[in-house]
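What follows is a single structure, written as C-alpha cells, with notes after it.
The values are calculated or read from the model by the stated rules, or taken from the named source; none is laboratory data. Everything quoted here is computed from the prediction, not taken from an experiment. Ideal geometry is used to build each Cβ from the backbone, glycine not excepted, and the neighbour counts take in all protein chains shown.
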Amino acid sequence: MNYELKIGISSGWWEEAHRLVPAYVQCIIDAGATPVVFPVTDNEQILNNLLDMVDGLLLTGGGDIDPKYWGEELMPQSGKPCALRDEFDLALVRLARQRCMPVLGICRGMQAMNIEFGGDIYQDIYTQIEGKTRDARHEMRDFRNSQLLNHSQGDQPRSEVAHEVELAPGSLIAKVMGKQVIEVNTFHHQSLRKIAPSCRAVGFAPDSIVEAIEVPGYKMIGVQWHPENLYKEHPEEAALFNWLMEEAAVYRRARALHRSSPVVDTHTDTPMVWTDTTDLGVRQDADDVKVDFVKMKDGDVACTFMVAYLPQVPLEDVDYKQKAQEAHNVAVEIFTRLREQVDKYPDKVKFNSQLSTLNSQFTNVCFGLENGFALAGDISNVKKFYDMGVRYITLCHNGDNDLCDSARGKGTHGGLSDFGREVIREMNRLGMMVDVSHAADSTIEQAIEFSNQPIIATHTSAKALCDHPRNMSDELIVKLAQSGGRIHVCLYNYFLAKDGRADVNTICDHIEHIVKLVGSEAVGVGSDFDGGGGVQGCNDSSELINITMELIRRGYSDDDIKNIMGVGFVKYYSKI
C-alpha cells in the first residue's frame, strides 16, 4: 500500500481535550489510506483548508447533539452537549457535501448528517417512543418500551454483534455490503426520528429504529452502529471502509482533472433569478441561486456562460417591434449589471471575452444572449452586444422570431429567415458562436450549411434518449459534429427523462450516447442552472464534479473526460 489517499477523521472533544478512539485511525490505515485527524474547531476557513487536504471524510461517534438544532429543549436523559463539537460536525457535513466529497458517518456522525440536512433525532428512544408513531418506513406501528431492543450493549465487547439490520433493497449501502441483512453492534440511546428531506432511511433494526441513511445523488452513508470495532472479527464490515476508499480515489482523480484543465458550463440563466440584493460574490442558497462565484470556485469551474434570457412574444403581435426593442434594452441592462457583479470581485472571478485564455487556474464569467429577438431587427446590434462581451447568440427561444423557426414554433420561415442569415453572417465575421438550442430541425440544418464557422447547441440533449422537441436527433448530432460543431447536454429534468426523474446517471447516459455517435470532442455540458436546469446530485455549479466522477466510474479516460468537461470546447472555440 502507498497510502496515497487521505481520509479526514473528525476528532472528539471531552473534558476540554481532543479525544479519538484509536479504532477510527486503524480502520482507515487498514483500508489503505493515510488518516488525517481534524481538530475540533468552528473556524470554517480552517475546516475548508483541512478538507482541501483530504479525499474523503469519516465522521466519528461521540456524545449527544444539542436538541436546539431541531427546536427542542434538552431532556434529562440527554448527555451534556458540547457546542464547539456540534458546530464542528455540522459544518463538516455541510462543507463536505458542497464539495461532493465522499462521507461515512458513524453513530453521532450519522445523526449530524440528518440534523444538518433538516431532520431530527430522538433525544432518548426509551422515553420518547411510546404508543402510536410513524416510523421512517411511513408505517404506523404500535411501539411500547418493552418492544424496543436494548440499543446499548453495556459491558458486552464492541467487537461482538447484538442484533440484525435489514437494508433497503436497491440502496447504496445494500450494494456496498453485498447483502440485505447484516449483523451489527449497538451503542446508543438516541436515534433518528424525522428523516431529513434530502436523506433516505435505508437500514432498520427489528424494532424499526433507523440504523442507516444515505443521501441520494451524493456518496454519503451514515450508520448507527460501530463498524470500526467490528471489521476485524467480522470482515464483511470492512466493505464500508473499502467503499470510502474507492469513492475517495474517484473524488481525488476528479478533483485533479478539474484543477488541471478547464471545466466549462456553456449556459446558465442566473440573471433570471437574482433580486436587487443578490450578491454573486457570496454563496447563495441553491434553492434560490444555483450559480455564484463561490460555487464556481468550490467546483473548480473555470468558465461559466451567464446569459441574458429574453422571452419570445408571438411574431404576429401588433407591438412586436416595440417589444423587441424593450427586450433589447433589458438585455443591455442585464449585461451591465452582470459586469458590475464580476468587477466587484476581482479576487474571485474575472470577465473573459477572449476564451483562448481560459485555463483551470482562474474562475471566469462569459456572456451569452439567449434569443435573437433582443436584436430588435437591427443588424448593428450584433456588433453592439459583441462589444459588450457577448460571445454567442441563441438564435431563438420558445416560439418563432424574426430570425428563425423554433422547435416550439409554427414553422413560419421554413428554417432561417433572411434576417437570420444576415445575423449569422455578421456573427461569423465578428467571431461569435451561433447557438441553435431551442431551434427547429430545419433551422439547425440550414445554420450548419450556411455558417462558415462551426455552430454549437449550448444546452440541448439527445432526442434518442428523451423524445422532446427541444432535443436533437442522432442524425442532426452527427451533422453538427461532422461540421466541427458541438452539442452540450442540458441538465433540465424533462430534457433528460420523459418522466422528469433524472439524476447524474441520466446526464451521463446522454453524454455517453453522444460520445458513441461522434466522439468526446463534440459533447459538453450546458447546465441551464437558474433556468430550470439541475437534477439530484448536480443542482448547482459546485456539483458539476459529480458528472466527472460518474464518467470516471464508467471507465472514461482522462483525455475523454477533459474533452467533455471543457477542453473540447476550448479547442472548438479556437476555430471560431
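Annotation: of all residues in the range 207-229 being closer than 24 Å to S159 by Cβ and either acidic (D, E) or not assigned by TED's automatic domain parsing to the domain that holds G79 (or both), the one that is surrounded by the fewest Cβ atoms within 10 Å (Cβ to Cβ) is D207. Does the range 405-419 contain any residue that is of a type outside the set (D, E, K, R), in a loop (DSSP other than H, G, I, E, B), in contact with a Ser or Thr (Cβ under 9 Å, 6 or more places away or on another chain) and within 23 Å of G484 (Cα to Cα)? Scanning the range 405-419, I find at least one residue that is of a type outside the set (D, E, K, R), in a loop (DSSP other than H, G, I, E, B), in contact with a Ser or Thr (Cβ under 9 Å, 6 or more places away or on another chain) and within 23 Å of G484 (Cα to Cα), so the answer is yes. A search for C-beta distances below 6 Å between a residue of the range 548-574 that is touching a residue at least 40 places away in the same chain (Cβ under 8 Å) and any residue that is of a type in the set (D, E) and in a helix (DSSP H, G or I), counting only pairs 6+ apart in sequence or on different chains, returns N563/E521; G568/E521. Take the residues of the range 267-281 that are within 10 Å of D530 (Cα to Cα) and more than 19 Å from the chain's Cα centre (by Cα): which is surrounded by the most Cβ atoms within 10 Å (Cβ to Cβ)? This residue is P271. Looking only at residues of the range 341-360 that are part of a loop (DSSP other than H, G, I, E, B) and free of Cβ contacts under 8 Å to residues at least 24 places away in the same chain, we find that the one that is surrounded by the most Cβ atoms within 10 Å (Cβ to Cβ) is Q354. Summed over the range 298-342, the residues that are charged (D, E, K, R) and under 26 Å from the mean Cα position of the chain (by Cα) give a count of 3. Of everything listed in (1) surrounded by 23 or more Cβ atoms within 10 Å (Cβ to Cβ); (2) of a type in the set (D, E); (3) closer than 30 Å to R283 by Cβ; (4) out of contact with any Phe, Trp or Tyr (no Cβ under 9 Å at 6 or more places or on another chain), the single unmet condition for E370 is (4).
Which of the residues belonging to the range 492-510 are of a type in the set (A, V, I, L, M) and more than 16 Å from the chain's Cα centre (by Cα)? Matches in the range 492-510: A497 only.
Looking across the range 365-404, the residues that are more than 29 Å from P262 (Cβ to Cβ) and assigned to a strand (DSSP E or B) come down to G399, C404. Of all the listed residues (D499, D540), the sole one being surrounded by fewer than 24 Cβ atoms within 10 Å (Cβ to Cβ) and assigned by TED's automatic domain parsing to the domain that holds D287 is D499.
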